[in-house]
4 protein chains.
Amino acid sequence: MKKSYPSIYYSDYLHLEKLLTSQSPKSDEYNEHAHDEMLFIIVHQAYELWFKQIIHELSSVLDMFCKDNVDEKNIGVAVSRLRRITTIQRLLIDQLNILETMTPLDFLEFRDFLIPASGFQSFQFRLIENMMGLNIENRVKLDEKNYYSLVSDEHQKMLLDSQNSVSLFDAVDQWLSRIPFLKIDKFDFWEHYKYAVGTMMENEKQIILTNPSFTEEKREKQLKVFEGTVEKFEALLNEDKHNELVKQGVRRFSYKSTLAALFINLYRDEPILHLPFRFLTYLADIDELFTTWRYKHALMVHRMIGAKVGTGGSSGHHYLMQTAEKHKVFKDLFDLPTYLIPRSELPELPEELKSRLGFNYKIKI
Amino acid sequence: MKKSYPSIYYSDYLHLEKLLTSQSPKSDEYNEHAHDEMLFIIVHQAYELWFKQIIHELSSVLDMFCKDNVDEKNIGVAVSRLRRITTIQRLLIDQLNILETMTPLDFLEFRDFLIPASGFQSFQFRLIENMMGLNIENRVKLDEKNYYSLVSDEHQKMLLDSQNSVSLFDAVDQWLSRIPFLKIDKFDFWEHYKYAVGTMMENEKQIILTNPSFTEEKREKQLKVFEGTVEKFEALLNEDKHNELVKQGVRRFSYKSTLAALFINLYRDEPILHLPFRFLTYLADIDELFTTWRYKHALMVHRMIGAKVGTGGSSGHHYLMQTAEKHKVFKDLFDLPTYLIPRSELPELPEELKSRLGFNYKIKI
Amino acid sequence: MKKSYPSIYYSDYLHLEKLLTSQSPKSDEYNEHAHDEMLFIIVHQAYELWFKQIIHELSSVLDMFCKDNVDEKNIGVAVSRLRRITTIQRLLIDQLNILETMTPLDFLEFRDFLIPASGFQSFQFRLIENMMGLNIENRVKLDEKNYYSLVSDEHQKMLLDSQNSVSLFDAVDQWLSRIPFLKIDKFDFWEHYKYAVGTMMENEKQIILTNPSFTEEKREKQLKVFEGTVEKFEALLNEDKHNELVKQGVRRFSYKSTLAALFINLYRDEPILHLPFRFLTYLADIDELFTTWRYKHALMVHRMIGAKVGTGGSSGHHYLMQTAEKHKVFKDLFDLPTYLIPRSELPELPEELKSRLGFNYKIKI
Amino acid sequence: MKKSYPSIYYSDYLHLEKLLTSQSPKSDEYNEHAHDEMLFIIVHQAYELWFKQIIHELSSVLDMFCKDNVDEKNIGVAVSRLRRITTIQRLLIDQLNILETMTPLDFLEFRDFLIPASGFQSFQFRLIENMMGLNIENRVKLDEKNYYSLVSDEHQKMLLDSQNSVSLFDAVDQWLSRIPFLKIDKFDFWEHYKYAVGTMMENEKQIILTNPSFTEEKREKQLKVFEGTVEKFEALLNEDKHNELVKQGVRRFSYKSTLAALFINLYRDEPILHLPFRFLTYLADIDELFTTWRYKHALMVHRMIGAKVGTGGSSGHHYLMQTAEKHKVFKDLFDLPTYLIPRSELPELPEELKSRLGFNYKIKI
């Protein structure tokens, strides 16, 4: 960066001549000017710009994590980029407030011009879903059609390519499965964890059995809940049961990865685990924020068109409601809290392991 | 306000000595200090303060609207107060972000101390739901129990009282049913509306029947959708069919009120209808914002406790998800857009009626 | 809207092929890839899209208000559009949070490539300022240069044109000056207002003179403040004094408009004045939100480049701070509260006038 | 946490009987009911609750950092807590939107009852300022009085105590001054940094001197700016000059701490420095968010009372504007970007040092 560079004009740098001539309201073309169509166009264009930025960030994180070795420096960078994605997502959610300043009656004035264009055709959003790791089998179908059948051939090709590439889910699953620490020398962490859980459970059972304030009905009900919890812990620590759940679609992470993710959550205060913990947290944040966006979007569509069908020919409202629930990618991370145990019950790690989880340079500052 | 008043000290005015001594973390009481319990307490207290404010605003609007005559000056005031409620609700939604800075592991440190306390026991929130007009039959049950069985006897009494009082829904229903304009002199608006809908429908049918690009399958499907729309319009203009839908729980507003609400939406640009239009819009906004809050709350609970049961003894996550869907009060307003027709198709109102919808003083400014 | 329209593809409708190829990072061009330059570009492009939308809304409001008669139906529409602008502005403020995810060190990696491009060259933002009514004499100069000297010849022409056209400020000033009601038949509102102010003032003076708890020093100080207030009220009700203040740049609205704006604020609950009141409020909101945006922007620039000069060759931080204070257009509206008197002291309007401020159709609903 | 605990009722846990009876509108007491006084009270109470929470977080961070050795585990915890403070601050800023739903006329109805109570008397906010490290000499005076003279004797004592205790600023200054790495074995980082800066500067000078597109006037101006930059770098690397700036109030961190903060910013991607970097960033965020809050608050006060004096007897608007500028505590951090140099120019660290900045356990995952 030593030399001097040609002068740049703001407007050229941003290609404003292209950007600001990309709004062509159909209502004007058909000589039935509808004031709010401009808003409709610009809101969607702003969404697409931000989708491009999210793709830019996701790609860079994917590049770092799909390697066999993830450079330890990169975890901090990845955390910053995922955090940026969540900041953008919060804006995307608030952006719906702007679209909501358009009333249903105003929308009606140009709605018929747009058929069958629809947000379902946003290939960038589909790309994001694929990059995150949404499986074709987990996708909600629209009128019994696959998502990629709604877009142009060119975009379809892009989507199918991305569907067949390594996703962030895959990369994270791989990365987690390689995390060490779980068995070190003679220390088997999971043996200790199992014991802690067992003691905790036994104690809880005693409380249920002996609590004098319980009615028999209440006691029985509580015992049932208790047994459910016991089963869940058993499934966690039994690889076969885990693989069974994977087959049933209840779990998606591999056995090893699940345990690694849990370990990171339990010992996140150890320096070496802090950034991995943040990283996993941001992944779940991204999932949650897309879910929120889809849900708020569904509510808005309902208010905009009532019980009518959407411009894309289907009930946008119900489709979006369903995707809100089902298009989460990292749902395993949402279930992790089930297996947390209070810090006070956590097995004490051996000194040697603890030291390995710290920094090389023993600063005492 | 002519005399001078005794001096006031900020801290006394706000009763800070009470307010700031109302936080008693259980973890401290049991000598197991958990840093984040303070946050947990303060977030919930902030919620309860805002609930009190919402009740204050709702009560005042209810007072204005439960009269036989609503003063025309009051509609502007009511609109401002409903708008204030929506501003508060947006804050309540954002406030969840603060609670989310507490991690599941941190929550675990004091969670067991709180059993069976739970947000389900917020009698103020239940009061708001009752004041809005949520019916006992539309409420999602919690463990097959009624919502009021979870609170103290004193609070139960308050809830049952509010349940039996005139709600905002009732008052608005009454007010809408009294709105004039729909039949004036010889002009029957709904005859004209029916005709406009008929023409529009006939035209749409022709398009479906003759569109050469449709496959037969597609044509049939479109016709089916079309017939559904026809039926909906018929139900709208037929009092018996409407009352049938009321019985089935599909509609809740009376026949007259439904038509009045539609008229207000269609002719909202007439000066006299502008504020009633804003008023109805804010009612739907309030519903939508509570729905969003419940949904985001449900997502947060899921992340906080995973598949465990909540402190209140039930699956908070599923309960909240269900209430998000089912506790909307003004859902009739969400369905109105179904019956809107484009401005260009709207019946022209007779001059005399139009003049009645304007201001008394003919300012041309 | 009776016929059927050609099918539209989402991506074509939004010109995504243009939109998504409008990002050309300089760092890539110079083979020194800087990951965050994409963010920098996209944030600014999103700003420009929203500026276009704001211009779209402002133009339409300007069209309605620059006429000799403003249609009473249009005030509601104008209020909705100004409100939409404020919703967009809140997003623009939040959008700064996204830019803040870029650290100073990351910015340094491509900053030198951009010289001398700078946000000062956003002609759309300058256009908005001109449309609002920012005078050339009130503009903060940048390095002693006029704002338009920084942009291309083509953009310069656009800016000079807009500078010489009727602004929203001009149109609102005209509109307010035409508002009737202030002198009706034998009722001279301002005589009554003057009297009410006089009584209020006399009463306040007595309190200051007789309050036994005051020290002499305190009493004198209070009297001085009191006299300042008296002078302000006198200037309000004296056209010559008002015109003097206009010359000094303290006031900008004409005498008549100032009184009309005050009257609207005092009697905003009268149906005919409610929407004009909202209209004026949103104008002040827009000013306040741009001010907030400039201020937050200034803080961000400070953190991004420290005490260095901006890419535009000047201290962006100080320039933005100054514009935050000085580029308000409707500052007269911010000073109005000085002249409000409590509702209890307000002159009662004669019945006939009151009736004129109501609706034509006496609904009692 | 092994035993079972007594049942808790939500309402008792939160002391709702105290909390919800702490609103005593003066307008009701004086029989001049003003609807909006409730809002005024509740907004301020919500602020005070959050101030209590901020104090809770600040205290805990202060406890960790005022020790001679800061446990490396604690830095992650501190970062989370500072981040929580910023999340709360964003809410505090948005909360102003709720207060803004009260119009100046509505405020007038109870304003006189409150004199001389005022937000200046919020001892909790003053406590936060003291805990952060705001010096008495940097405080803006109000009517030439010290901030603590406005509060009750009891609160005054608390404020004076906090003023004389170790602040977060002090603790961070100490902590930074102990950070090692800057001179390690034979490697003197600052020698290398100085050299890099020198080369960069020489290069920049050549560009200015030889750029053929510059007018002589422009060239001279650029050279002046350039010399200013050179001086700044010299002051950075010269302890005497630095101490001179400290005396003048331009700098506040010690020489060692300033260099340590710069080093952390330059090499933040090294694992051991990542959390310290986040920590410093959040400190500046907190400053920036309080500044934004004060500024928005000032704008709101202006709109609410115009040119009148505030209830506290002074011009709230101007006071708040001034504090926005001057009450920043960590302003040294805002100036740091001045001294950053692009990553490509950064001295390469010796392998041994780099390894010390990494984790102990060489995971390659």
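The values are calculated or read from the model by the stated rules, or taken from the named source; none is laboratory data. Since the structure is predicted, the reported quantities are computational estimates derived from the model, not experimental observations. Note that we place each Cβ from the backbone using ideal geometry, even for glycine, and neighbour counts take in every protein chain shown. Areas reflect the complete protein model, heavy atoms only, side chains present, ligands, DNA and RNA absent. Shrake-Rupley method; radii C 1.70, N 1.55, O 1.52, S 1.80 Å.
Among the residues in region C:341-353, are any surrounded by fewer than 21 Cβ atoms within 10 Å (Cβ to Cβ) and within 21 Å of the chain's Cα centre (by Cα)?
no
Could you list, in sequence order, the residues of region B:112-123 that are open to solvent by 10 Å² or more (accessible area, probe 1.4 Å), at pLDDT 85 or above and within 23 Å of B:Lys328 (Cβ to Cβ)?
B:Gln121, B:Phe123
Among the numbered criteria (1) over 20 Å from A:Trp50 (Cα atoms); (2) in contact with a Lys or Arg (Cβ under 9 Å, 6 or more places away or on another chain); (3) in contact (Cβ under 8 Å) with a residue 24 or more places away in the chain, which single criterion is violated by C:Leu108?
Failing condition for C:Leu108: (3).
For region D:70-88, enumerate the residues that are among the charged types (D, E, K, R) and modelled with pLDDT of 95 or more.
Those that are among the charged types (D, E, K, R) and modelled with pLDDT of 95 or more: D:Arg81, D:Arg83, D:Arg84.
Could you count how many residues in region A:196-230 are over 30 Å from A:Leu349 (Cβ atoms), hydrophobic (A, V, I, L, M, F, W, C) and assigned to a helix (DSSP H, G or I)?
4
Name the residue, out of B:Thr215, B:Thr199, that is within 14 Å of chain C (Cβ to nearest Cβ), over 30 Å from D:Leu16 (Cβ atoms), at pLDDT below 95 and open to solvent by 40 Å² or more (accessible area, probe 1.4 Å).
Every option except B:Thr199 fails the conditions.
Tell me, which residue of region A:350-365 that is assigned to a loop (DSSP other than H, G, I, E, B) and facing another protein chain (nearest Cβ under 8 Å) is modelled with the highest pLDDT?
Step by step, filter region A:350-365, then rank; the result is A:Leu357.
Please name all residue pairs, on different chains or six or more residues apart, with Cβ atoms under 8 Å, provided the first residue is in region A:195-218 and is without any contact (Cβ under 8 Å) to a residue 24 or more places away in the chain and the second residue is hydroxyl-bearing (Ser, Thr, Tyr) and exposed (fewer than 12 other Cβ atoms within 10 Å of the Cβ).
Correct list of pairs: A:Ser213/D:Ser7.
Of the numbered conditions (1) open to solvent by less than 20 Å² (accessible area, probe 1.4 Å); (2) farther than 30 Å from D:Glu72 by Cα, A:Lys232 fails exactly one; give the number of that condition.
Among (1) open to solvent by less than 20 Å² (accessible area, probe 1.4 Å); (2) farther than 30 Å from D:Glu72 by Cα, A:Lys232 violates only (1).
To keep it simple, each residue is scored yes or no on (1) modelled with pLDDT of 90 or more; (2) within 7 Å of another protein chain (Cβ to nearest Cβ).
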| residue | (1), (2) |
| --- | --- |
| A:Arg278 | yes, no |
| A:Thr281 | yes, no |
| A:Ala284 | yes, yes |
| A:Phe290 | yes, no |
| A:His297 | yes, no |
| A:Met304 | no, yes |
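Just need a number here: residues in region A:141-182 that are within 14 Å of chain D (Cβ to nearest Cβ), among the charged types (D, E, K, R) and open to solvent by 60 Å² or more (accessible area, probe 1.4 Å).
Qualifying residue count for the region: 1.
Given the conditions (1) at pLDDT 95 or above; (2) farther than 30 Å from B:Leu280 by Cβ, report the number of the one that A:Leu91 does not fulfil.
(2)
Tally the residues that are surrounded by fewer than 19 Cβ atoms within 10 Å (Cβ to Cβ) and more than 9 Å from chain D (Cβ to nearest Cβ), restricting the search to region B:18-54.
Of the residues in that region, 4 qualify.
Since C:Glu239 meets every condition but one in (1) touching a helix residue (DSSP H, G or I) at 6+ places or on another chain (Cβ under 7 Å); (2) open to solvent by 30 Å² or more (accessible area, probe 1.4 Å); (3) closer than 30 Å to C:Leu91 by Cα, which condition does it not meet?
Just one mismatch for C:Glu239, condition (3).
Kindly establish whether C:Ile85 is open to solvent by less than 20 Å² (accessible area, probe 1.4 Å) and under 23 Å from the mean Cα position of the chain (by Cα). Explain how you work it out, then say what you get.
Details: open to solvent by less than 20 Å² (accessible area, probe 1.4 Å): yes; under 23 Å from the mean Cα position of the chain (by Cα): yes.
Against the criterion (open to solvent by less than 20 Å² (accessible area, probe 1.4 Å) and under 23 Å from the mean Cα position of the chain (by Cα)), C:Ile85 qualifies.
Which condition does A:Ser7 not pass, out of (1) facing chain C (nearest Cβ under 7 Å); (2) within 24 Å of C:Ala34 (Cα to Cα); (3) of a type outside the set (Phe, Trp, Tyr); (4) touching a helix residue (DSSP H, G or I) at 6+ places or on another chain (Cβ under 9 Å), if it passes all the others?
(4)
List, please: which pairs have Cβ atoms under 6 Å, are six or more places apart or on different chains, and start with a residue in region D:114-133 that is farther than 11 Å from D:Val151 by Cα and end with one that is β-branched (Val, Ile, Thr) and in a helix (DSSP H, G or I)?
Sorted first by the residue in region D:114-133, then by its partner, the pairs are D:Ile128/D:Ile54.
Rundown of residues vs (1) aliphatic (A, V, I, L, M); (2) part of a helix (DSSP H, G or I); (3) open to solvent by 30 Å² or more (accessible area, probe 1.4 Å), yes/no style:
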{"site": "B:Asn243", "(1), (2), (3)": "no, yes, yes"}
{"site": "B:Val246", "(1), (2), (3)": "yes, yes, yes"}
{"site": "B:Thr258", "(1), (2), (3)": "no, yes, no"}
{"site": "B:Ile264", "(1), (2), (3)": "yes, yes, no"}
{"site": "B:Arg268", "(1), (2), (3)": "no, no, no"}
{"site": "B:Phe277", "(1), (2), (3)": "no, yes, no"}
{"site": "B:Leu283", "(1), (2), (3)": "yes, yes, no"}
{"site": "B:Asp287", "(1), (2), (3)": "no, yes, no"}
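Quick check: anything in region A:251-274 at the interface with chain B (Cβ under 10 Å from one of its Cβ atoms), within 19 Å of A:Phe125 (Cβ to Cβ) and without any contact (Cβ under 8 Å) to a residue 40 or more places away in the chain?
no
Say whether the condition of being within 14 Å of chain B (Cβ to nearest Cβ), farther than 30 Å from A:Asp36 by Cα and open to solvent by 30 Å² or more (accessible area, probe 1.4 Å) is met by at least one residue in region A:57-80.
Looking through region A:57-80, none of the residues is within 14 Å of chain B (Cβ to nearest Cβ), farther than 30 Å from A:Asp36 by Cα and open to solvent by 30 Å² or more (accessible area, probe 1.4 Å).
Of everything in region B:328-349, what is within 9 Å of chain A (Cβ to nearest Cβ) and β-branched (Val, Ile, Thr)? Give them in sequence order.
Passing the criteria: B:Thr338, B:Ile341.
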